[in-house]
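Everything below concerns the one structure shown next.
The values are calculated or read from the model by the stated rules, or taken from the named source; none is laboratory data. These figures come from a predicted structure and were not determined experimentally. Here Cβ is always computed from backbone atoms with ideal geometry, including for glycine, and neighbour counts include all displayed protein chains.
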Amino acid sequence: MSSLAELPELVGFFSYSREDDADSQGALSALRGRIQGELRGQLGRTAKTFRLWQDKEAIPSGSLWETEIRNSVAQSVFFIPIITPTVVASPYCRFELESFLAREKELGRDDLVFPILYVDVPELENVAQRQKDPVLSIIARRQYRDWREFRYLEVNAPEIRREVARFCTDIRNALRRSWLSPEERKQQEDTAARQKAAEEVRLQQAEATPHAEPEQSRSSLAQLPAWQKSRPALIAGSLAGVLVLSAIGAWFVATPRPAAVAPVPSPPVTKTPAPAAPVPPAATPTTAPGSPTRITAKPLSVEQERALKAGEAFKECDNCPEMVVVPAGSFMMGSPEKEALRRPGEGPQHRVTFAKPFAVGRFAVTFDEWDACVTDGGCNGYKPSDQGWGRGKRPVIEMSLGDARAYVAWLSGKTGKPYRLLSESEREYVTRAGTTTPFWWGSSVSTDQANFDGKWTYADWSTGGSIPDKGEQRKKTLPVDSFQSNPWGLYQVHGNVDEWVEDCFRPSVSDLPSDGSAAKTGNCQRGVVRGGYYDASGWSLRAAARFDNPIETRCECYGFRVARTL
């Protein structure tokens with residue numbers, strides 16, 4: 001067995017409080033159903049080969065609760081605890097978690113618990129209290145999913161579907177990691193022990209008969225043909241010949257010869273330049289069928305780069321992103337505490353300062369630009385699907401963080417200039433473009449302003465804004481030059497596609513560097529996307545909204561934008 005995902009039957013355990021489910025009018029059971037359906041799809045399973053166990057529907061009447069829990073845990077290969085104050089205080093939920101931790105150890109893993117923080121648990125943020133509680137200490141060590149804001153949304157809301165998909169991707173990736181069953185591990189350990197014992201016996205025998213090898217060599221020589229026995233004499237003769245040749249060579253080197261005369265360089269000839277003649281168009285190079293078509297680089301000179309001013313644009317190769325210079329400055333990163341539907345990771349706000357200007361792509365990277373990289377022999381030859389929506393000037397999609405990094409590596413190599421992804425701080429800075437509202441144009445968003453799911457428009461009611469009427473549901477990306485640019489000339493910084501940034505994930509924006517650089521430490525197996533996408537709710541397009549995902553995740557909602565250091 002190479003992974004848990006290949007087991008004939010997969011079972012997960014959904015641990016929750018029935019009281020919480022009743023108080024939320026069955027919202028937890030509905031969430032469990034959504035997770036179960038998403039995981040079936042991602043794992044390619046059916047109802048017969050995959051289920052997410054829930055005691056409400058799985059324990060028959062009259063059964064012993066503890067026995068049924070033990071039996072269910074013994075079949076499960078992952079565990080989803082819904083964390084609330086009721087759950088933390090419940091001895092039953094504690095029993096379920098402790099039982100699965102024993103099961104996880106039996107499986108030889110430590111990555112199969114996926115907590116969801118559903119209701120605020122103050123003790124979880126208090127280190128002293130957390131260390132006293134075994135459940136909270138375990139939950140804190142695992143990367144829990146913060147669901148506190150999502151519980152106010154309907155389970156069929158696009159943002160819930162999106163967050164469930166991300167959550168299930170984490171579970172799917174864990175189940176697909178290399179794994180040996182307990183039987184396979186035992187067999188592997190037994191084989192290693194036998195090999196070690198055999199090696200020790202061999203070494204002991206070798207030490208007991210130290211002269212066996214020379215005797216064997218003499219015996220083998222006696223059995224050789226006559227011409228091979230005479231090899232020592234041949235070698236001696238060869239050495240003598242070499243010595244004679246060496247002596248002749250030494251005489252030749254010592255004999256004086258005329259010295260070589262170095263050529264005298266001609267004085268430089270100064271010519272008066274003739275008037276420039278019209279340059280005929282360059283011939284189109286002939287490219288062998290199937291070979292890459294090379295992109296011509298046109299990097300800025302040092303003088304041109306020094307002369308750039310904020311708001312000016314440039315391109316440094318054919319079919320490469322158009323770059324816009326953004327000014328140095330500072331801003332308050334994150335969302336204010338009262339901003340509607342704000343998530344905890346968006347604060348507390350802190351000031352970030354950019355000492356120097358830098359350049360940013362006017363648009364998200366397009367299919368045209370990505371395909372040019374592939375045609376030029378870069379981007380690992382990866383050709384993402386366009387989902388049937390069209391390529392050209394639409395943003396490239398189905399991008400992982402590794403894909404985005406491959407593009408900027410190609411672009412840097414092609415131009416010899418320092419292209420890169422934006423840091424998370426830079427992404428919010430250029431999105432706001434000097435403004436402080438949730439969107440660069442104000443406090444609300446409609447589908448006349450951005451591409452998102454028009455059923456879920458948004459307004460920051462803390463500032464008295466009114467929610468716009470429902471709008472279009474386009475269900476696909478639009479060309480990158482759709483809608484109006486922001487004050488710094490950048491397009492679609494809100495909506496269309498989520499854009500990867502360079503940082504390792506950190507739970508709060510206040511943990512990010514205050515100089516605007518990317519976080520190079522933290523959870524580097526998870527990255528951050530910003531901006532919102534075509535099928536998301538309006539609130540997720542806010543300038544401060546941030547979402548973390550495994551860095552290998554590809555999605556038709558993920559693209560990226562490039563930056564360049566000046």
Qualifying residue in the range 182-198 (condition: in contact with a helix residue (DSSP H, G or I) (Cβ under 9 Å, 6 or more places away or on another chain) and at pLDDT below 75): yes
I'm trying to understand the selection: among the residues of the range 1-43, which are assigned to a loop (DSSP other than H, G, I, E, B) and either closer than 20 Å to Ala165 by Cα or aromatic (Phe, Trp, Tyr) (or both)? Tyr16
Among the residues of the range 318-345, the number that are at pLDDT 95 or above, buried (at least 20 other Cβ atoms within 10 Å of the Cβ) and not hydrophobic (A, V, I, L, M, F, W, C) is 3
List the residue pairs whose Cβ atoms are under 7 Å apart, where the first residue sits in the range 454-466 and is under 28 Å from Lys476 (Cα atoms), the second is of a type in the set (Phe, Trp, Tyr) and outside any loop (DSSP other than H, G, I, E, B), and the two are 6 or more positions apart or on different chains. Tyr458/Trp539
Does Asp503 qualify as being of a type in the set (D, E, K, R), outside any strand (DSSP E or B), closer than 23 Å to Arg166 by Cβ and touching a Pro at 6+ places or on another chain (Cβ under 8 Å)? no
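Within the range 2-17, can one find any residue that is surrounded by 15 or more Cβ atoms within 10 Å (Cβ to Cβ) and charged (D, E, K, R)? Write out each step before concluding.
Looking only at the range 2-17, we keep the residues that are surrounded by 15 or more Cβ atoms within 10 Å (Cβ to Cβ), and these are 4-5, 7, 10-17.
Retained after the next criterion (residues that are charged (D, E, K, R)): none.
Checked against the condition, which is being surrounded by 15 or more Cβ atoms within 10 Å (Cβ to Cβ) and charged (D, E, K, R), the range 2-17 yields no hits at all.
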So which pairs qualify, if the first residue must be in the range 384-399 and farther than 17 Å from Gly361 by Cα, the second must be among the basic types (Lys, Arg) and surrounded by 15 or more Cβ atoms within 10 Å (Cβ to Cβ), the Cβ gap must be under 6 Å, and the two must be at least 6 apart or on different chains? Trp389/Lys476; Glu398/Arg554
If I filter the range 490-509 down to residues being polar (S, T, N, Q) and at pLDDT 95 or above, which single residue comes out as farthest from Pro327 (Cα to Cα)? Asn496
Against the conditions (1) in contact (Cβ under 8 Å) with a residue 24 or more places away in the chain; (2) outside any helix (DSSP H, G or I), where does Asp110 fall short? Just the number, please. (1)
So which residues in the range 363-406 are assigned to a helix (DSSP H, G or I), under 21 Å from the mean Cα position of the chain (by Cα) and under 27 Å from Pro487 (Cα atoms), if there are any at all? Phe367, Glu369, Trp370, Ala404
Would it be correct to say that Val529 is closer than 21 Å to Glu426 by Cβ, in a loop (DSSP other than H, G, I, E, B) and in contact with a strand residue (DSSP E or B) (Cβ under 7 Å, 6 or more places away or on another chain)? no
Inspect the range 359-371 for any residue being of a type in the set (A, V, I, L, M, F, W, C), assigned by TED's automatic domain parsing to the domain that holds Val509 and over 25 Å from Tyr534 (Cα atoms) and give the result as yes or no. yes
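Residue-wise test of (1) among the hydrophobic types (A, V, I, L, M, F, W, C); (2) crowded, with 22+ Cβ neighbours inside 10 Å; (3) farther than 22 Å from Val408 by Cα.
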position	(1), (2), (3)
Gln525	no, no, no
Val528	yes, yes, no
Leu541	yes, yes, yes
Ala544	yes, yes, yes
Ile551	yes, no, no
Cys555	yes, no, no
Tyr558	no, yes, no
Against the definition (outside the structural domain of Arg166 (by TED's automatic domain parsing), buried (at least 20 other Cβ atoms within 10 Å of the Cβ), over 24 Å from Ser330 (Cα atoms) and of a type in the set (Ser, Thr, Tyr)), how does Tyr429 come out, yes or no? no
Anything in the range 530-549 that is modelled with pLDDT of 90 or more and more than 16 Å from Leu478 (Cα to Cα)? List them, or say none. Arg530, Gly538, Trp539, Ser540, Arg542, Ala543, Ala544, Ala545, Arg546, Phe547, Asp548
In the range 417-449, what residues are assigned to a loop (DSSP other than H, G, I, E, B), within 25 Å of the chain's Cα centre (by Cα) and not basic (Lys, Arg)? Pro418, Leu422, Ser423
Residues in the range 140-177 that are over 22 Å from the mean Cα position of the chain (by Cα) and of a type in the set (A, V, I, L, M, F, W, C): how many? 5
When both residues are 6+ apart or on different chains and their Cβ atoms are under 6 Å apart, which pairs have a first residue that lies in the range 523-536 and is acidic (Asp, Glu), and a second that is not in a strand (DSSP E or B)? Asp535/Pro158
Taking the condition crowded, with 16+ Cβ neighbours inside 10 Å and not in a strand (DSSP E or B), does Gln492 pass? yes
Residue pairs meeting the criteria (Cβ under 8 Å; at least 6 apart or on separate chains; first without any contact (Cβ under 8 Å) to a residue 40 or more places away in the chain, in the range 23-39; second crowded, with 17+ Cβ neighbours inside 10 Å and assigned to a helix (DSSP H, G or I)): Ser29/Asp21
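Scan the range 406-413 and give yes if some residue there is in contact with a strand residue (DSSP E or B) (Cβ under 8 Å, 6 or more places away or on another chain), farther than 19 Å from Asp503 by Cβ and buried (at least 22 other Cβ atoms within 10 Å of the Cβ), otherwise no.
Yes - at least one qualifying residue is present in the range 406-413.
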